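Computed from the coordinates by the stated procedures, all read-outs in this text should not be read as laboratory data. Computed from a prediction, not measured in an experiment: that's the story for all the values here. Neighbour counts run over all protein chains shown; Cβ positions are idealised from the backbone, glycine included.
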Amino acid sequence: MDETSIINENTDVFEKKITLIERNLQEITINDKEIIRKIIRKRNLKIYWGTAITGKPHIGYFLPILKIKDFVEAECEVTILFADIHGFLDNLKAPIELIENRYHYYEKIIKIMLMSVGCDINKIRFVKGSDYQKNSDYVFDLYKLCSYTTERDCKRAGSDVVKQRDNVLLSSLIYPNMQALDEEYLKVDAQFGGEDQRKIFMHAKTFLPKLGYKKRIHLMNPMMPGLNSDKMSSSDELSKIDLLDTEQQINKKINKCFCEEGNLQSGVLHVFEFVIFHYYTSISINKKSYTSIEDVKKDFEMKLIHPKDLKLACSNYINKMVTPIRNEMLKDIDMIKKAYNN
């Protein structure tokens, strides 16, 4: 192979990695794009995604899971953080006595989801937050960070993530500072998360340098709206389709979604846009093929797709995605009962 061919091949590999890393993101700054390119020219990008251990994961988790697959295929060094301490800091969404059991639940279901989309989990580092967040260096850095941040700073940073209340808990103020420190202690270049993390990401960019640590890259994926609300949430049963929901439960939830003929403000269309079209390259609705959400929306708005047909197709595709995950999880009923006390 001559020198020109080698240069072209290296350029192709570089561009492919950049495309995989950046596609389908909701937000990434121009400066962060430039830093990614500088790193990729020298070595693989180190990136982490953290998930707080709270309620049961839902179909909205397919968004980060599919993006993680992109990172792995781009040869990034990927770390997944199971943030168990964060789970109970957030208004005790995960009771302390259940946190260990819920950690095992999350670890299993996230790995099953990754395998279901064809991601090689052997190329991912899985970390439990409490395995390093209680060590002396981390805790002392947390004290130092608290000396730089005010109640207002932390309350604002966590406002889109941590449950808010009139008489704010100290634990919810610690949450953003810990998430900032995780970037340093996991030794990564970048943190990946939903767009609801934007204020926490800005908090990290602002305050990590106060401790002498570098600013990290932040990559944000879109957040899936709830079935009948602004955000699909693990801790809001009415907003989500659970990964352990039965076929009948899934059908019932989708059938109950608002879906007026010709009206694009529908939770069913959200499921197509944020989950199904990220999972499938093409779909069929009433025997017609579609390769983009824009085409589905266009036909629905023109009343060429009936709400009943849209809901039926939605139920069918979600059931195909969820069934193998549910079947695998149900092999350990005892683990599920211990994690969620039911």
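Key figures for this structure:
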{"quantity": "Inter-centroid distance (Cα atoms) of region 111-132 relative to region 133-182, Å", "calculated": "26"}
{"quantity": "Members of Lys128/Lys240; Lys67/Lys337; Lys17/Lys311 lying beyond 32 Å, as alpha-carbon distances in this model show", "calculated": "Lys17/Lys311"}
{"quantity": "Kirkwood Rh (inverse of mean 1/r, distinct Cα pairs), the chain, angstrom", "calculated": "21.4"}
{"quantity": "Beta bridges by DSSP in the chain, antiparallel share as percent, to the nearest 5", "calculated": "20"}
{"quantity": "Gained length - Lys144 relative to Gln248, 0.36 nm times residue gap less alpha-carbon distance", "calculated": "32.3 nm"}
{"quantity": "Spacing of the two label points (7 Å from each Cα toward its C-beta) at Lys16 and Asn286, in nm", "calculated": "4.1"}
{"quantity": "Prolate/oblate/rounded label for region 58-186 (Cα gyration tensor, a/c 1.5)", "calculated": "prolate"}
{"quantity": "Inter-label distance for Ser171 and Ile333, nm, one decimal - labels placed 7 Å from Cα along Cα-to-Cβ", "calculated": "3.1"}
{"quantity": "Cβ charges +1 (Lys, Arg) and -1 (Asp, Glu), total dipole of region 132-276, debye", "calculated": "640"}
{"quantity": "Longest exposed-site-free window of the chain, the sites being trypsin sites (Lys or Arg not before Pro) in a DSSP loop that have at most 12 other C-beta atoms within 10 Å", "calculated": "44-133"}
